[in-house]
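The values are calculated or read from the model by the stated rules, or taken from the named source; none is laboratory data. Source: prediction; values computed, not measured. Counting neighbours? That spans all protein chains shown, and the Cβs are built from the backbone with ideal geometry, glycine included. These area figures cover heavy atoms from the full protein model, side chains too; ligands, DNA and RNA do not enter into them. Shrake-Rupley method; radii C 1.70, N 1.55, O 1.52, S 1.80 Å.
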Amino acid sequence: MARYIFITGGVVSSLGKGLASAALGALLQARGFSVRLRKLDPYLNVDPGTMSPFEHGEVFVTDDGAETDLDLGHYERFTGVAARKTDSISSGRVYSTVLEKERRGDYLGKTIQVIPHVTNEIKDFLAIGADEVDFMLCEIGGTVGDIEGLPFFEAIRQFSQDRPRGQCIFMHLTLLPFIRASGELKTKPTQHSVKELRSIGIAPDILVCRSEGPIPAKEREKLALFCNVRPDSVIAAQDLRSIYEAPLAYHREGLDQAVLDAFRITPAPRPNLARWEDVADRIYNPEGEVKIAIVGKYTQLEDAYKSIAEALTHGGMANRVRVNIEWVDAELFEREDAAPHLEGFNAILVPGGFGERGTEGKIKAAEFARTRKVPYLGICLGMQMAVIEAARNVARLPDAGSEEFDHEAGKKRFTPVVYHLKEWVQGNHKVERRLDDDKGGTMRLGAYDATLAEGSKVAQVYGRTSIDERHRHRYEVDIEYRAQLESAGLRFSGMSPDGRLPEIVEWSNHPWFIGVQFHPELKSKPFDPHPLFADFVRAAKDMSRLV
Ligand code: GLN
């Protein structure tokens with residue numbers, strides 16, 4: 001039966017709770033334990049799938065097709081454990097399940113209340129798969145005291161009481177602000193936050209305090225005394241140059257030891273941190289650098305493309321180079337020539353996206369990369385735009401476009417080289433969709449197999465011809481145009497196993513131009529960089545030697 005670690009936050013948001021959870025997961029693995037990480041989000045959206053990237057950053061997709069919070073991406077990147085649908089839940093999901101049950105009559109006429117019906121639903125969620133791992137790490141989104149968060153806090157309190165003594169611990173993340181004028185580290189916000197937590201029945205076992213520098217003994221003792229934790233369970237989380245140092249940094253601070261002590265696991269197995277030492281060495285000691293442009297729409301908010309930025313960093317680590325990313329707004333090229341803006345880069349990446357805004361600019365970026373022989377990686381919409389560019393400028397289909405934009409504009413303007421997908425095969429059943437389906441959860445989502453053409457660039461990059469990758473899209477390149485595009489030189493080098501859905505395209509006469517319908521970035525890890533990103537950065541590195 002798994003031991004549970006509940007991770008909560010206080011004082012302010014964005015303290016790095018997700019990262020702390022992920023790093024702790026990695027440290028427990030380093031000591032030989034198996035882990036799973038979960039996220040409980042208090043917002044009322046059923047899932048983040050319909051939220052704008054400006055609101056909530058990237059939507060992370062799991063193999064089993066759930067659209068989840070980007071923290072699940074951190075969890076996977078640090079532990080290598082593939083997240084599942086059952087690792088992410090929101091208040092919206094909890095309430096919609098409770099209400100569905102109520103409509104079905106499952107509660108036999110009872111009055112439905114937050115306690116016990118909502119809290120029971122949350123507890124059932126927490127218990128899923130408890131016998132599969134040694135440790136279950138559950139992070140509660142938001143900060144203690146938020147109105148929406150209360151049912152979750154109540155549920156974890158109850159859950160720890162329901163379990164045998166000593167099976168659950170609470171770890172609370174707070175901020176220790178440094179007041180420059182007086183030169184002091186302030187503990188009061190943390191004291192208040194812990195007080196808030198205790199008022200709802202939760203006493204933290206471990207305090208992780210985000211601070212600019214180390215925590216002096218005096219403040220540590222004060223925190224321990226006023227917050228009722230042991231001094232060695234007050235852990236400093238200092239700012240790091242790279243998030244990938246977090247496991248080593250938390251280990252130095254004694255986090256994993258404090259956790260094992262709290263569970264009374266003695267003697268604690270010794271950690272093997274070789275993986276993280278290698279990761280830190282690669283990230284802190286690069287032997288060169290490359291400059292890559294990400295041409296997209298949500299460029300003001302880096303979190304919108306979190307996994308892509310991380311996957312590029314991993315690609316850099318594979319090649320021992322530092323990857324400098326510049327975010328370029330695609331709309332710029334709709335007003336100005338793309339060349340002067342893109343000339344200084346060693347490679348161009350066009351990421352996924354939704355809606356027409358900015359797409360003509362992405363098409364220009366693909367054209368620049370194709371004609372100037374600059375390495376290009378197109379992901380999802382970035383692949384679709386590369387295909388449209390090929391159709392318009394090489395395959396003599398000047399009106400080529402995507403049905404997505406015609407639907408949006410309410411008129412027919414384009415030859416639909418990219419069309420709305422209405423049916424496909426998942427495993428051994430057929431999935432059907434209509435244009436007027438709900439927006440939430442209706443895309444082609446999750447892991448699908450693809451078959452790569454022998455002798456293609458991608459087969460060489462992957463080192464095999466059968467892959468599976470995660471998808472999240474509604475539109476698809478139409479194989480109707482395959483022959484025409486292939487005779488123009490754009491090879492359809494990866495297809496769904498039934499041969500109907502194009503998964504990968506590549507220009508045969510280009511050093512590195514690949515478009516993929518899926519999201520390879522979601523599976524990249526610092527200790528296991530995704531082959532497409534590793535090879536893309538290698539191509540960028542070759543390019544940087546030329547310029
Ligand atoms: N908007 C496109 C589609 O739905 C691309 C989606 C994406 O890039 N994730 O097919």
Practice task
Inspect the stretch 320-336 for any residue being under 23 Å from the mean Cα position of the chain (by Cα) and within 16 Å of the ligand (Cβ to nearest atom) and give the result as yes or no.
Solution key: yes
Fill in the blank from the handout: Selection from the stretch 478-531 of residues out of contact with any Asp or Glu (no Cβ under 9 Å at 6 or more places or on another chain) and part of a helix (DSSP H, G or I) yields Ile479, Glu480, Tyr481, Arg482, Ala483, Gln484, Leu485, Glu486, Ser487, Pro531
Fill in the blank from the handout: Of the residues in the stretch 427-436, those that are more than 16 Å from the ligand (Cβ to nearest atom) and in a strand (DSSP E or B) come to His429, Lys430, Glu432
Fill in the blank from the handout: Here the residues within the stretch 1-32 that are farther than 19 Å from Ile128 by Cβ, touching a residue at least 24 places away in the same chain (Cβ under 8 Å) and open to solvent by 10 Å² or more (accessible area, probe 1.4 Å) are Val11, Val12, Ser13, Leu15, Gly16, Lys17, Leu19, Gln29, Ala30, Arg31, Gly32
Problem - Tally of residues being charged (D, E, K, R), closer than 16 Å to Ile308 by Cβ and open to solvent by less than 10 Å² (accessible area, probe 1.4 Å) across the stretch 58-92 - result: 2
Handout entry: Condition met for Ile467 (away from the ligand (no atom under 15 Å from the Cβ), without any contact (Cβ under 8 Å) to a residue 24 or more places away in the chain and within 22 Å of Leu421 (Cα to Cα))
Key = no
Exercise for the section: State all residues of the stretch 357-373 that are more than 24 Å from Leu421 (Cβ to Cβ) and either surrounded by 24 or more Cβ atoms within 10 Å (Cβ to Cβ) or touching a helix residue (DSSP H, G or I) at 6+ places or on another chain (Cβ under 6 Å) (or both); if no residue qualifies, say none. Expected result: Gly361, Lys364, Ala365, Glu367, Phe368, Ala369
Practice task
Please work out which one of (1) over 28 Å from the mean Cα position of the chain (by Cα); (2) within 16 Å of the ligand (Cβ to nearest atom) is the condition Glu503 fails and give its number.
Solution key: (1)
Practice task
Would you please name the residue that is nearest to the ligand (Cβ to nearest atom), looking only at residues in the stretch 376-424 that are out of contact with any Ser or Thr (no Cβ under 6 Å at 6 or more places or on another chain) and among the acidic types (Asp, Glu)?
Solution key: Glu404
Practice task
Only residues in the stretch 252-267 that are closer than 18 Å to Arg165 by Cα count as the first member; pair them with residues that are open to solvent by 20 Å² or more (accessible area, probe 1.4 Å), Cβ under 7 angstrom, at least 6 apart or cross-chain, and list the lot.
Solution key: Ala258/Asp232; Leu260/Ala268; Ala262/Asp205; Phe263/Arg3; Phe263/Gly166; Arg264/Gly166
Completion exercise
Of (1) over 18 Å from His172 (Cβ atoms); (2) modelled with pLDDT under 95, Gln238 satisfies every one except (1)
Problem - Test: Glu55 is at pLDDT below 95, acidic (Asp, Glu), out of contact with any Asp or Glu (no Cβ under 6 Å at 6 or more places or on another chain) and open to solvent by 10 Å² or more (accessible area, probe 1.4 Å) - result: yes
Problem - Answer residue from the stretch 403-426, given it is touching a residue at least 60 places away in the same chain (Cβ under 8 Å) and out of contact with any Gly (no Cβ under 8 Å at 6 or more places or on another chain) and is nearest to Arg474 (Cα to Cα) among those - result: Leu421
Handout entry: Failed criterion for Ser493 (all others in (1) within 16 Å of the ligand (Cβ to nearest atom); (2) over 26 Å from the mean Cα position of the chain (by Cα) hold)
Key = (1)
Problem - Breaking point among (1) among the acidic types (Asp, Glu); (2) touching a residue at least 60 places away in the same chain (Cβ under 8 Å); (3) open to solvent by 20 Å² or more (accessible area, probe 1.4 Å), for Asp449 - result: (2)
Completion exercise
Scanning the stretch 501-525 residue by residue, those open to solvent by 20 Å² or more (accessible area, probe 1.4 Å) and polar (S, T, N, Q) turn out to be Ser508, Asn509
Exercise for the section: Determine which single condition Val537 fails, assuming it passes every other condition in (1) more than 16 Å from the ligand (Cβ to nearest atom); (2) surrounded by fewer than 23 Cβ atoms within 10 Å (Cβ to Cβ). Expected result: (2)
Practice task
Go through the stretch 337-356 residue by residue and tally those that are within 16 Å of the ligand (Cβ to nearest atom), surrounded by fewer than 23 Cβ atoms within 10 Å (Cβ to Cβ) and at negative phi.
Solution key: 2
